[in-house]
Amino acid sequence: MISVNNLGLSVCGKEILNDINFSIKKGEVVALIGPNGSGKSSFLKTIMGFDNYSTHSGDILLNNESILGLPINERAKKGLGIMHQNPARIRGVKLIDLLQSIHYNLDDIEWYAKELKVEHLLDREINMNLSGGEMKRTELLQLFVQENELLLLDEPDSGVDSGNLRIMGLALNSYLKRTGKSALIITHTGGILKYLDVTRFLMLKNQTIREINQNDAGFD
C-alpha cells in the first residue's frame, strides 16, 4: 500500500521531521499519536502533497510507485484522501453537487449519508453554518464517496461530542471493514479509536516515528 522510507521534511526551510520510516498494508488501520507540535499534521499534508511541505530526503511509495513531486489531485487519483482538522467553508456549492461530481451513483451517496446521519445536510452549502460535529461527519462522507485506498484523518475526534463521535466511529469502522480500505488516523484524545479495529499504533516524537504498544499509547 504505502511505504515511507528515510523521509526528511522541512516547512518554510525549517527541518521538522527526519529519517521517517514506516509502512501501511492494505486493510490496516493505524493510529498516529504524539505531542502537540511534533509534526503529525505536517506529515499527513506531506503525504497528500500540500505546498510548502518539502521533502529533503527519502521517498514515499504508493503501491510501489514514488509519488514525490505529484500534485494533490494526482495523488488523489492514485488513491489518497484526507480529512482536514479544520475544513474549509465553501459558499454557493451544495454538498450534494460536490458529491455527485465525485461519485455518479446517487444511491451510494444517500446510503453513506444515512450511515453518517447527514441526509438533511446534503442540500446545504459545504460546511456553512454547521456545527463542529456536522462538519466532521460531512467531511467523512466526502471521503467515503471518493473511495480512496488510504484515508488520512487529521484529528477526526477533535472538538466532537460523544454522540457525533459514536456516529462517526461506527460508520468509519463499518466502511473500512466492508471495503478493505486502509487508514492513518491522528488523534490526541483517542476518542474515536474505541470504535475502530486499530491494527497498530505509531508515536511521532523528536522528529521521528516509532511503533508502540497499545498500552503505551495512553488511551483506555
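Report whether or not residue 60 is β-branched (Val, Ile, Thr), over 27 Å from residue 134 (Cα atoms), in contact (Cβ under 8 Å) with a residue 24 or more places away in the chain and surrounded by 13 or more Cβ atoms within 10 Å (Cβ to Cβ). So residue 60 passes the test. Close Cβ contacts (under 9 Å, 6 or more residues apart or on different chains) running from residues in region 66-78 that are farther than 21 Å from residue 56 by Cα to residues that are surrounded by 14 or more Cβ atoms within 10 Å (Cβ to Cβ) and of a type in the set (Asp, Glu) comprise 78/149.
Taking region 66-93 as the range and being more than 18 Å from the chain's Cα centre (by Cα) and at pLDDT 95 or above as the test, only 66 passes. Of the numbered criteria (1) more than 19 Å from residue 86 (Cβ to Cβ); (2) surrounded by fewer than 14 Cβ atoms within 10 Å (Cβ to Cβ); (3) in contact (Cβ under 8 Å) with a residue 12 or more places away in the chain, the one residue 132 fails is (1).
Condition test on residue 127, is it more than 20 Å from residue 194 (Cβ to Cβ), touching a residue at least 60 places away in the same chain (Cβ under 8 Å), in contact with a helix residue (DSSP H, G or I) (Cβ under 8 Å, 6 or more places away or on another chain) and not aliphatic (A, V, I, L, M)?
Details: more than 20 Å from residue 194 (Cβ to Cβ): yes; touching a residue at least 60 places away in the same chain (Cβ under 8 Å): no; in contact with a helix residue (DSSP H, G or I) (Cβ under 8 Å, 6 or more places away or on another chain): yes; not aliphatic (A, V, I, L, M): yes.
Here the answer is no, as residue 127 does not meet what is asked.
Residues of region 1-51 that are assigned to a strand (DSSP E or B), exposed (fewer than 15 other Cβ atoms within 10 Å of the Cβ) and polar (S, T, N, Q): 6, 21, 23.
The values are calculated or read from the model by the stated rules, or taken from the named source; none is laboratory data. Since the model is a prediction, treat every value here as computed from it, not as a measurement. No Cβ is skipped: glycine too gets one built from the backbone with ideal geometry, and neighbour counts run over all protein chains shown.
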